[in-house]
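This report refers to the structure that appears directly beneath it.
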C-alpha cells in the first residue's frame, strides 16, 4: 500500500514541479507566477523531490 502512495505522490510532485517551473520561466502564461524566478526554483525542488519519491516507491518490494 505504501508503494502506491509513494508513486502517486511522486507523479503528482513531478507534474506540479514541471508546471511551476515552466510558469516561472515564462513559457506558460496566465498566472501571477509567470516570469517569477522564485517559482522556477520552487518547481525544480518540487520535481526533484517527486523523482526521489518515484525512485523509492519503484524500488520497494
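The values are calculated or read from the model by the stated rules, or taken from the named source; none is laboratory data. Predicted model, so just to flag it, every value in this text is computed and none were measured. Positions of Cβ are backbone-derived with ideal geometry, glycine not excepted, and every protein chain shown enters the neighbour counts.
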Before we move on, is residue 21 touching a residue at least 24 places away in the same chain (Cβ under 8 Å) and in contact with a helix residue (DSSP H, G or I) (Cβ under 8 Å, 6 or more places away or on another chain)? yes
Determine if the range 19-26 includes at least one residue that is farther than 25 Å from residue 58 by Cα and outside any helix (DSSP H, G or I). yes
Filter result for the condition that a residue is assigned to a helix (DSSP H, G or I), touching a helix residue (DSSP H, G or I) at 6+ places or on another chain (Cβ under 6 Å) and at pLDDT 95 or above, over 50, 57: 50
